[in-house]
1. Any residue in the stretch 330-348 that is free of Cβ contacts under 8 Å to residues at least 60 places away in the same chain, in the same structural domain as Ala196 (by TED's automatic domain parsing) and assigned to a loop (DSSP other than H, G, I, E, B)?
2. Looking at the stretch 1-58, which of its residues are touching a residue at least 60 places away in the same chain (Cβ under 8 Å), within 13 Å of Ser80 (Cα to Cα) and in contact with a Cys (Cβ under 9 Å, 6 or more places away or on another chain)?
3. If a residue must be part of a helix (DSSP H, G or I) and either hydrophobic (A, V, I, L, M, F, W, C) or under 22 Å from Ile162 (Cα atoms) (or both), how many such residues does the stretch 203-230 contain?
4. Within the stretch 16-35, is even one residue touching a helix residue (DSSP H, G or I) at 6+ places or on another chain (Cβ under 8 Å), among the β-branched types (Val, Ile, Thr) and under 17 Å from Tyr100 (Cα atoms)?
5. Can you tell me which of Leu277, Leu310 is within 23 Å of Ile162 (Cβ to Cβ), in contact with a Gly (Cβ under 8 Å, 6 or more places away or on another chain) and part of a helix (DSSP H, G or I)?
6. Would you tally the residues in the stretch 352-365 being touching a helix residue (DSSP H, G or I) at 6+ places or on another chain (Cβ under 8 Å) and closer than 21 Å to Ile134 by Cβ?
7. Which of the numbered conditions does Thr296 fail, given that it passes all the others? Conditions: (1) surrounded by fewer than 21 Cβ atoms within 10 Å (Cβ to Cβ); (2) hydroxyl-bearing (Ser, Thr, Tyr); (3) assigned by TED's automatic domain parsing to the domain that holds Pro36; (4) assigned to a helix (DSSP H, G or I).
8. Test of understanding: among Met332, Met302, which residue is of a type outside the set (Gly, Ala, Ser) and under 30 Å from Tyr129 (Cβ atoms)?
Amino acid sequence: MDDTLKGNLIVGQSGGPTAVINSSLVGVIREAKKHPEIDGIYGAIHGIEGVLSENLVDLRREDEITLEGIMRTPSAALGSCRHKVTPGEYDKILDVFKKYNIRYFFYIGGNDSADTSHKIGKLAKESGYELRVIGIPKTIDNDLAITDHSPGYGSVARFIAIATMDAGKDTEAIGIVDKVKVIEAMGRNAGWITAASALGKKSAEDPPHLIYVPERPIGIDKMLKDVKEVYDSLGHVVIVICEGAKDESGNFLSASSRAIDVDAFGHKQLGGAADALCKLISGNLGLKARFDKPGTIQRMSMVCVSEVDLKEAYMVGEAAVRYAAGGETDKMVILVRETGPEYRCTTGLADLEEIANAEKKLPDEFINAEGNFVTQKFIDYAMPLIGGPLPVYMRLRKYPIALA
């Protein structure tokens, strides 16, 4: 059976930018150039909004020097968006695809992007327009269903691990003044990023000492007890909390209620969990507490990029084009971890409908019984993704001086 489909290709980027999303884009462009059935290689500026406004660019004209540089440039080179497509806009999108003879559509994004892609593919099929739609995974939150992990996660995991190691050294040094440091990591309903803060911990003295994720509601009395126990033992405490952390009633510790801070998909802008925790600790334990909040810089720091992450992001971009050229549609590329003593990962496919609007949370086996740290199973899962050894920090032995 001949699966050849002649026409043009369009690719867009969606959702929060990452350190490696551009690597996926370059993977798409380079692989598309190998397929004679694909003529135009177009980019949609600011994702699906660029399709709707016909703000498109010719990616085939980009030279190799530019593409090589773009691979190691953070953020989204085409520009991103968080646009929730309205029912009426789907017809407009299909009209644009027909106008430009688009037969291949690739959308690099997460859960909501998968939903958009699935609906576009479904409409094209119902309309009798042959269109191959493939989603390319991207999310630092690592909450995409089915795939072992998501491109973007390995790099943010490396960032938060190093940031926690550094913040811990600061707190250890100045702990006689600033007793408690709380670091707020990104993550709405899943604590994958927060959990990765433990990857640099080698001893009980090393940070973090406590980790709080959305999968385990925070009991205030229990949390205060945890903090006091660590402080009594070490004289200082480093805590990492997810911005999506919840109390025992299931409410976010802090979330903006302003209309401007709610995106098109109904997601409230989170932030302030660390500040809330500091106030609870200071008010109840009398310990001076400060917080660090890396914010969006953590999701796209090229300084801390994982080489494994960079390579796999490129791999899923390449694979998407190969799958589409082979006749696949309405799928998302997934990463499949192979069994064995050494880390190896290949690609596979999952239905977009199964990915769309689903969330993968930290499993129980990755969280300790106390609900305030991760297990060795999580460390074993995440460590191969961060792309090489972390910095090695030392402590002085501090030999006492004995006077004669």
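1. Taking every residue of the stretch 330-348 in turn, none turns out to be free of Cβ contacts under 8 Å to residues at least 60 places away in the same chain, in the same structural domain as Ala196 (by TED's automatic domain parsing) and assigned to a loop (DSSP other than H, G, I, E, B).
2. Across the stretch 1-58, the qualifying residues are Gly12, Gln13, Ser14, Gly15, Gly47, Ile48.
3. Counting residues in the stretch 203-230 that are part of a helix (DSSP H, G or I) and either hydrophobic (A, V, I, L, M, F, W, C) or under 22 Å from Ile162 (Cα atoms) (or both) gives 5.
4. Within the stretch 16-35, none of the residues are touching a helix residue (DSSP H, G or I) at 6+ places or on another chain (Cβ under 8 Å), among the β-branched types (Val, Ile, Thr) and under 17 Å from Tyr100 (Cα atoms).
5. Working: Leu277 fails: in contact with a Gly (Cβ under 8 Å, 6 or more places away or on another chain).
Leu310 is the lone residue from the list that is within 23 Å of Ile162 (Cβ to Cβ), in contact with a Gly (Cβ under 8 Å, 6 or more places away or on another chain) and part of a helix (DSSP H, G or I).
6. Going through the stretch 352-365, the residues touching a helix residue (DSSP H, G or I) at 6+ places or on another chain (Cβ under 8 Å) turn out to be 352-353, 355-359, 362, 365.
Filter again for closer than 21 Å to Ile134 by Cβ, leaving 352-353, 355-358.
Residues in the stretch 352-365 being touching a helix residue (DSSP H, G or I) at 6+ places or on another chain (Cβ under 8 Å) and closer than 21 Å to Ile134 by Cβ: 6 in total.
7. Here Thr296 meets the rest and fails (3).
8. Met332
The values are calculated or read from the model by the stated rules, or taken from the named source; none is laboratory data. Quick caveat: nothing in here was measured; it's all calculated off a predicted structure. Virtual Cβ from ideal backbone geometry, glycine too; neighbours counted across all protein chains shown.
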